[in-house]
Amino acid sequence: MCDRNELELVLLARQGDKAAFSRLVLRYQPMAQRIARQAIGNEDLAQELVQEAMLQAYLSLAKLNDPTRFKSWLYGIVLNLCRNQLRRRKVIYFSLETMVENLVDENRSIAVR
């Protein structure tokens, strides 16, 4: 199985060959991990996102239009998951910031009374 090219592995994985998909994971997990770590800046969270990306790729393999482009398709999945994570983090940060500002404003208006 080691000498199979990407196209062969994708086609086998689409037919339900889990060993072929495992081989794709082994081949591209280091790239995915590097992308996620650089985007997120947290090793553990990056690892979780890569696992989620691999699961999404496995479940969506039939939607891959060009089986020769698995690597770039997976790259896109990882990036999208990282972007979504960063957006959630920003919203949470903004919400916390807003809550603190509101508390300060409330305390000021109570002190003025």
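Seen from Asp17, the other residues with C-beta closer than 11 Å to its C-beta sum to a net charge of +3, counting Lys and Arg as +1 and Asp and Glu as -1. A cut-off under 13 angstrom between Cβ atoms defines the neighbours of Gln85, and their net charge, with Lys, Arg +1 and Asp, Glu -1, is +3.
Using a probe of 1.4 Å on the protein chains alone, the accessible area found for Tyr58 is around 80 Å².
The values are calculated or read from the model by the stated rules, or taken from the named source; none is laboratory data. This is a predicted model, so every value here is computed, not measured. Neighbour counts run over all protein chains shown; Cβ positions are idealised from the backbone, glycine included. Only protein heavy atoms, including side chains, enter the accessible area calculation; ligands, DNA and RNA are left aside. Shrake-Rupley method; radii C 1.70, N 1.55, O 1.52, S 1.80 Å.
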